[in-house]
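Colleague: Below: one structure in structure tokens.
The values are calculated or read from the model by the stated rules, or taken from the named source; none is laboratory data. From a predicted model like this one, the values you see are computed outputs, not experimental measurements. Note: ideal-geometry Cβ built from the backbone for every residue, glycine included; neighbour counts use all protein chains shown. These area figures cover heavy atoms from the full protein model, side chains too; ligands, DNA and RNA do not enter into them. Shrake-Rupley method; radii C 1.70, N 1.55, O 1.52, S 1.80 Å.
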4 protein chains.
Amino acid sequence: MEAIAAANTGHALPYGDDDLTRSCQRAFDELFDTDTRAFLTFNGTGSNLIALAALLGPADAVVCTQQAHINLDEAGAPERFLGAKLIDVPTREAKLAPDDLAPLRELLGNPHHVQPAVLSLTQSTELGTVYQEDEVAALCGAAHELGMRVHVDGARIANAVAARGGTREALRRMTVEAGVDVVTFGGTKNGLMGAEAVVFLDPDLATRGELLRKQANQLASKMRYLAAQVMAILENDRWLELAGHANDMTRRLWEATTPIAGVVHERAPEVNSLFPVLPAAAIEPLREWCFFWDWEPSRCQVRWMTAWDTTTEDVELFARGIRHYLESAID
Amino acid sequence: MEAIAAANTGHALPYGDDDLTRSCQRAFDELFDTDTRAFLTFNGTGSNLIALAALLGPADAVVCTQQAHINLDEAGAPERFLGAKLIDVPTREAKLAPDDLAPLRELLGNPHHVQPAVLSLTQSTELGTVYQEDEVAALCGAAHELGMRVHVDGARIANAVAARGGTREALRRMTVEAGVDVVTFGGTKNGLMGAEAVVFLDPDLATRGELLRKQANQLASKMRYLAAQVMAILENDRWLELAGHANDMTRRLWEATTPIAGVVHERAPEVNSLFPVLPAAAIEPLREWCFFWDWEPSRCQVRWMTAWDTTTEDVELFARGIRHYLESAID
Amino acid sequence: MEAIAAANTGHALPYGDDDLTRSCQRAFDELFDTDTRAFLTFNGTGSNLIALAALLGPADAVVCTQQAHINLDEAGAPERFLGAKLIDVPTREAKLAPDDLAPLRELLGNPHHVQPAVLSLTQSTELGTVYQEDEVAALCGAAHELGMRVHVDGARIANAVAARGGTREALRRMTVEAGVDVVTFGGTKNGLMGAEAVVFLDPDLATRGELLRKQANQLASKMRYLAAQVMAILENDRWLELAGHANDMTRRLWEATTPIAGVVHERAPEVNSLFPVLPAAAIEPLREWCFFWDWEPSRCQVRWMTAWDTTTEDVELFARGIRHYLESAID
Amino acid sequence: MEAIAAANTGHALPYGDDDLTRSCQRAFDELFDTDTRAFLTFNGTGSNLIALAALLGPADAVVCTQQAHINLDEAGAPERFLGAKLIDVPTREAKLAPDDLAPLRELLGNPHHVQPAVLSLTQSTELGTVYQEDEVAALCGAAHELGMRVHVDGARIANAVAARGGTREALRRMTVEAGVDVVTFGGTKNGLMGAEAVVFLDPDLATRGELLRKQANQLASKMRYLAAQVMAILENDRWLELAGHANDMTRRLWEATTPIAGVVHERAPEVNSLFPVLPAAAIEPLREWCFFWDWEPSRCQVRWMTAWDTTTEDVELFARGIRHYLESAID
């Protein structure tokens, strides 16, 4: 917030021709330790579309999991904007493996079928799981071998990096060193008012990036306000600090709620989300007290998330509330 | 062929303003025994797109099976032309059931999700199975209850009707009486040179039909040549005769090949296709002798089809060839 | 800026389910004195696409001027997102007249041609001209008579209203009372960090508005930050005050520069832009001193604009600079 | 017609894997005297879309005349299928000149504007005019210099070649030697039942051609029937003979009608179309007797065309009719 207020001083040229935006580009080059092309955007859906549109040719398709945000939660924006098919692969934990790509080989060159061109991974995934560095590398290898490019939807990549050591080296190992071609780097879910970035790790892929940002309605005329936000989390690696804190709060919530009768955690959290199964009768009263999203309503599974600004007091209060509403429901 | 030659006499106005095309419209009204709007087209992919485009609004999606032709075999034309998502449901026999629609209810009204708007069924299916009349009616009921419309991809609907009694009444029971909104009526797979029709059973849905045919590149300037083909199979219900014959030939092929060691038919044929599993070593030599398509290469499953012009001699010859090549492969 | 900081206090539900966003909806209802449906967005291109997508059916086209922002300055986003043709009409002053719509009548019902469905006006126009209230009403009448809807691209509608009296009544006369169906209401060009609104004056047209906002990548998860911005200019009609000031500053700049030898103003300003023709040799030195955009480079025409925060000192300084650089160029 | 009947003998593999289709490819290589990639299609709109889609990248635009078939007469199929803008240039005679391309230069590299990527010419034009060989070469030079590719919509290229000498050399001079990248080669307007071809003169541009044909709904499963038609006009250069005949008949019609009071021919015909201005009162009675299309109704201009099968008796009869109805109208 203070960063934005500072950006509000003096005049600046529009559409990104300003010092703050240029600093952002340099900051991403340093972050990934390579020559990148970074484009600031408003939101995650827009970021993903720019990345994918840059990688797709005619009759090409994107391969992703069935749970992928681009597949489920973007209201068909990818199909509408890209005019391309998403091949959505069923998975158990929202993670793909190289074997999932094997059946794609028989599509290659067949004029009745779309051509698999981009593998899109979400890191950390929609189910709160994390690809390890060697898993990403194996997927990139399999994808490149089929002539495909690799996109990482990193709306929550900060949480994944925090879970894998919390250093810039961890980020680089799971992206540029693993062979990823383009990353959408999330900010909004990590404390920003509303700012994301599409970072092409291979600058040759970015030649149409600016045009695609405009076509995807993601060009901010007063871009310094986006740049100020992004700089605020890149400086001093605050992005890692904030995401690490969010992860810690989820682990604490998991510890505090595991003993509560009626709360079933099917696995320990890796990042900042829990997917507990609750007694049916408890869900609505609990939600009325404190909002959260359903996950799989048919099996009474919900999603709890912590954020960069969740406090230990918040966690304790919420855990007490859960205990209270579950006891009431069970009575 | 003779029908086309006859259409070649004298001049006629272009783009469907001719007597033959008008006869075709009347023939479809009689066939379905209702007021329809029929549009002649070149091929099945185009027909399907016109039907779907007429039924879709912004952010709408099409629900179909994973095996659906529109999902697998149209090179992404639906996504490109419609800008819409296909929600592809996994099935065992390429047939949907009302239960498959239940999870769609939670998408309704949620602005993060596409809205299910059209149910697209294939009759007979890509796996050679047939929806019974009450199955179609139940699906239409479930779909309409969700505010959805129903499209039938009838590239091989003639074979389904032949399998369900072989009368116009059977066709009507599985379409207009069951609640289907639009049918693409196949001709090319039933002996025509290249002609299909999109038949709107509810004329109110067809107001943009002509424009969509043009947009989908399916407007023939010399439409009488399409009309002549379609009339040739509608007259005297030759479409049923030809499809019934094709079905018979497949049954005969099934009987002739079931006893052959190495041929595994997993079920009896319903229409004009067989999906046998063969010994791996036999497939290539057999195919070189007489071409057929693979189905699931990983499990050595292939597809054999008979056509309107397959003869009993063809079937016997092919069965003898199979026996020969399988014996050679097993040796 | 202060409004945003205030929005930064406490937690709020995402995606617009918050008090600030609801206040915004009420504020628009009061502003237009009718029941509206308002959607907050990030930028003008996105706003326009949502409005147009809500009004277009298959094979429909948008009619606009050749100078329209949607036609020239959105990098083809309309064609890509809408899949629709823009029929761009040449005009002298970027304003359409009812006569321009007459030739559209022969397109109606012809299946070889797109169907004109939406008339899109820009108010104030890209050339700094303003539609008078009766001009808008006449255009709406002509459009509705052809079955078309009317969209107003109001990125600078505040400046037009300020020029036409500067009251809410003037806004209503040139929109809801004239027959306009949907307005995109600009904020960014009127002092906001980045926030716009699509306001459907006919709520029946807005049923897919939320989904389209998502599909157009314009859904802000933290929507209260957009709402805070928009409220800040709606309250106490600050939008009119700011735009009126910008208009005044342009008039002052026009007065100050008209006497300067070499500056040719082809007409008096109506809003906050001037399009002077300058001596070729003066343009680059002047621009290096203070940036502005070219307009028609081939005839040495440039564009000068003033903003909500331009001061009389800025104007005087700029006028002195112009005099200096033009004298140098002429020497 | 006989050619199609011959194609109806024996079985053949579908989707173009047959001898006739392969002969067609060889025939086009010989026709253009270069290594081409030819794709057979159903109609002209489909052909144009395949050609353009192969040449366009993200944010690219097509430049054409305002009268171009792709701009006016394809119901928005280009915008819908390509998602791209057509920049339509006003012209007097439906012909572009290199100067028309000059203003495109300032779009290059500007992220607010579409990028001009393809120049699409129609030969012979929608107004019956013909680009001379050096005019095409100059346009190709200007386009290539801007990094653009050149497409020729050759629905009536046979008539243009007939008008420019009527030899294969004339065809080559106005296409491959002039620098054209892809030609859509018309058949339907030159006597075929319904068959066209997209011919890539640079095979490197055709890598996605087969997929695009499928996506554009132009893949015929029984392609031999298209190939038989196309071969029928390529053999012995019957395409030139037929088009030359059509051109001759128009010249004869022009000669026969020029003396008729009330018929105003604004110029002599170059190919097989006339655009006379007639007395308003004569148009409807004449059209009722023998159908023709309006051209510019506001100025009583109509279009008369002759075809490959028009006879001198037809021409004489039509001329007599014109004289009769015009005398009646004038009385």
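Colleague: So which residues in segment D:296-326 are free of Cβ contacts under 8 Å to residues at least 24 places away in the same chain and assigned to a helix (DSSP H, G or I), if there are any at all?
Modeller: Matches in segment D:296-326: D:PRO297, D:SER298, D:ARG299, D:GLU313, D:LEU317, D:ARG320, D:HIS324.
Colleague: For the condition within 23 Å of A:GLU313 (Cβ to Cβ), open to solvent by 10 Å² or more (accessible area, probe 1.4 Å) and under 19 Å from the mean Cα position of the chain (by Cα), what is the one hit in A:ASP248, A:ASP237?
Modeller: Numbers: A:ASP237 fails: within 23 Å of A:GLU313 (Cβ to Cβ).
Residue meeting the stated conditions: A:ASP248.
Condition check ((1) buried (at least 18 other Cβ atoms within 10 Å of the Cβ); (2) at pLDDT below 95; (3) over 13 Å from the mean Cα position of the chain (by Cα)) across all residues:
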site: A:LEU96; (1), (2), (3): yes, no, yes
site: A:GLU106; (1), (2), (3): no, yes, yes
site: A:ALA117; (1), (2), (3): yes, no, yes
site: A:THR129; (1), (2), (3): yes, no, no
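Colleague: Read through the list (1) touching a residue at least 12 places away in the same chain (Cβ under 8 Å); (2) of a type outside the set (Asp, Glu); (3) open to solvent by less than 30 Å² (accessible area, probe 1.4 Å); (4) over 21 Å from D:ALA137 (Cα atoms), then give the number of the only condition that D:HIS112 fails.
Modeller: Only one criterion is unmet by D:HIS112, namely (1).
Colleague: Checking B:GLY141 against (1) away from chain D (no Cβ under 14 Å); (2) part of a loop (DSSP other than H, G, I, E, B); (3) surrounded by fewer than 22 Cβ atoms within 10 Å (Cβ to Cβ), which single condition isn't satisfied?
Modeller: (2)
Colleague: Return yes or no: is D:ALA232 closer than 16 Å to D:ASP19 by Cα, within 14 Å of chain B (Cβ to nearest Cβ), open to solvent by 10 Å² or more (accessible area, probe 1.4 Å) and in a helix (DSSP H, G or I)?
Modeller: Details: closer than 16 Å to D:ASP19 by Cα: yes; within 14 Å of chain B (Cβ to nearest Cβ): yes; open to solvent by 10 Å² or more (accessible area, probe 1.4 Å): yes; in a helix (DSSP H, G or I): yes.
Here the answer is yes, as D:ALA232 does meet what is asked.
Colleague: Quick one: B:SER221 ticks every box in (1) assigned to a strand (DSSP E or B); (2) of a type outside the set (Phe, Trp, Tyr); (3) in contact with a Pro (Cβ under 7 Å, 6 or more places away or on another chain) except a single one, so which number is it?
Modeller: (1)
Colleague: Taking into account only those residues within segment B:63-87 that are within 17 Å of the chain's Cα centre (by Cα) and in a strand (DSSP E or B), which is surrounded by the fewest Cβ atoms within 10 Å (Cβ to Cβ)?
Modeller: Among them, the one singled out is B:VAL63.
Colleague: Moving to a separate point now. In the list D:GLU30, D:GLU133, D:GLU74, D:GLU126, which residue meets the criterion of being touching a residue at least 24 places away in the same chain (Cβ under 8 Å), out of contact with any strand residue (DSSP E or B) (no Cβ under 9 Å at 6 or more places or on another chain), more than 14 Å from chain B (Cβ to nearest Cβ) and of a type outside the set (A, V, I, L, M)?
Modeller: Values: D:GLU30 fails: touching a residue at least 24 places away in the same chain (Cβ under 8 Å); D:GLU74 fails: more than 14 Å from chain B (Cβ to nearest Cβ); D:GLU126 fails: out of contact with any strand residue (DSSP E or B) (no Cβ under 9 Å at 6 or more places or on another chain).
After applying the criteria, what remains is D:GLU133.
Colleague: Then there is this: Filter segment B:82-99 down to residues that are within 26 Å of A:ARG299 (Cβ to Cβ) and without any contact (Cβ under 8 Å) to a residue 12 or more places away in the chain, then give me how many there are.
Modeller: 2
Colleague: Same structure, new question: Every residue in segment D:155-181 that is over 13 Å from the mean Cα position of the chain (by Cα) and among the hydrophobic types (A, V, I, L, M, F, W, C), please.
Modeller: D:ALA162, D:ALA163, D:ALA170, D:LEU171, D:MET174, D:VAL176, D:ALA178, D:VAL180
Colleague: Name the one entry in D:LYS214, D:LYS189, D:LYS222 that is more than 30 Å from B:ASN71 (Cβ to Cβ), within 12 Å of chain B (Cβ to nearest Cβ), in contact with a Gly (Cβ under 9 Å, 6 or more places away or on another chain) and of a type in the set (D, E, K, R).
Modeller: Only one candidate qualifies: D:LYS189.
Colleague: Look through segment A:172-201, keep the residues that are among the hydrophobic types (A, V, I, L, M, F, W, C) and open to solvent by 20 Å² or more (accessible area, probe 1.4 Å), and return whichever of them is farthest from A:LEU242 (Cα to Cα). Before you say what the answer is, go through the steps one by one.
Modeller: First pass over segment A:172-201, keeping only residues among the hydrophobic types (A, V, I, L, M, F, W, C): A:174, A:176, A:178, A:180, A:182-183, A:185, A:192-193, A:195, A:197-201.
Next, only the ones that are open to solvent by 20 Å² or more (accessible area, probe 1.4 Å) stay: A:176, A:193.
On the way: A:VAL176: 22, A:MET193: 14 Å.
Among those residues, the one meeting the criterion is A:VAL176.
Colleague: Report whether or not D:VAL152 is under 20 Å from the mean Cα position of the chain (by Cα), open to solvent by less than 20 Å² (accessible area, probe 1.4 Å) and free of Cβ contacts under 8 Å to residues at least 40 places away in the same chain. Talk me through it step by step, then tell me what you get.
Modeller: Numbers: under 20 Å from the mean Cα position of the chain (by Cα): yes; open to solvent by less than 20 Å² (accessible area, probe 1.4 Å): yes; free of Cβ contacts under 8 Å to residues at least 40 places away in the same chain: yes.
Against the criterion (under 20 Å from the mean Cα position of the chain (by Cα), open to solvent by less than 20 Å² (accessible area, probe 1.4 Å) and free of Cβ contacts under 8 Å to residues at least 40 places away in the same chain), D:VAL152 qualifies.
Colleague: Okay, next question. Please go through segment B:202-223 and give me each residue that is within 12 Å of D:ALA75 (Cβ to Cβ) and buried (at least 24 other Cβ atoms within 10 Å of the Cβ), ordered by number.
Modeller: B:LEU211, B:LEU212, B:ARG213, B:LYS214, B:GLN215, B:ALA216, B:ASN217, B:GLN218, B:LEU219
Colleague: Test B:ARG92 against the criterion of being farther than 30 Å from D:TRP304 by Cβ, away from chain D (no Cβ under 14 Å), open to solvent by 10 Å² or more (accessible area, probe 1.4 Å) and at pLDDT below 95, and give yes or no.
Modeller: Working: farther than 30 Å from D:TRP304 by Cβ: yes; away from chain D (no Cβ under 14 Å): yes; open to solvent by 10 Å² or more (accessible area, probe 1.4 Å): yes; at pLDDT below 95: yes.
Judged against the criteria, B:ARG92 is a match.
Colleague: Looking at segment B:44-62, which of the residues that are open to solvent by less than 20 Å² (accessible area, probe 1.4 Å) and under 21 Å from B:LEU127 (Cα atoms) is nearest to the other protein chains (Cβ to nearest Cβ)?
Modeller: The qualifying residue nearest to the other protein chains (Cβ to nearest Cβ) is B:THR45.
Colleague: Would you mind finding the one in B:TRP289, B:TRP308, B:TRP293 that is touching a strand residue (DSSP E or B) at 6+ places or on another chain (Cβ under 9 Å), outside the structural domain of B:GLY128 (by TED's automatic domain parsing), on the phi < 0 side of the Ramachandran plot and not acidic (Asp, Glu)? Break it down into steps so the answer makes sense when it comes.
Modeller: Values: B:TRP289 fails: touching a strand residue (DSSP E or B) at 6+ places or on another chain (Cβ under 9 Å); B:TRP308 fails: touching a strand residue (DSSP E or B) at 6+ places or on another chain (Cβ under 9 Å).
Among B:TRP289, B:TRP308, B:TRP293, only B:TRP293 is touching a strand residue (DSSP E or B) at 6+ places or on another chain (Cβ under 9 Å), outside the structural domain of B:GLY128 (by TED's automatic domain parsing), on the phi < 0 side of the Ramachandran plot and not acidic (Asp, Glu).
Colleague: Another question, then. On the basis of being in a strand (DSSP E or B) and either away from chain B (no Cβ under 14 Å) or touching a Leu at 6+ places or on another chain (Cβ under 7 Å) (or both), does C:PRO111 make the cut? Outline the logic, then answer.
Modeller: On the way: in a strand (DSSP E or B): no; either away from chain B (no Cβ under 14 Å) or touching a Leu at 6+ places or on another chain (Cβ under 7 Å) (or both): yes.
The answer is no for C:PRO111.
Colleague: Does A:VAL263 meet the test of being open to solvent by less than 40 Å² (accessible area, probe 1.4 Å), modelled with pLDDT of 95 or more and over 30 Å from A:MET193 (Cβ atoms)?
Modeller: yes
Colleague: Could you tell me how many of the residues in segment A:194-209 are more than 11 Å from D:PRO58 (Cβ to Cβ) and part of a helix (DSSP H, G or I)? Reasoning before the result, please.
Modeller: As a first pass, look at segment A:194-209 and keep what is more than 11 Å from D:PRO58 (Cβ to Cβ): A:194-206.
Subsequent filtering for residues that are part of a helix (DSSP H, G or I) retains A:203-206.
Within segment A:194-209, residues that are more than 11 Å from D:PRO58 (Cβ to Cβ) and part of a helix (DSSP H, G or I) number 4.
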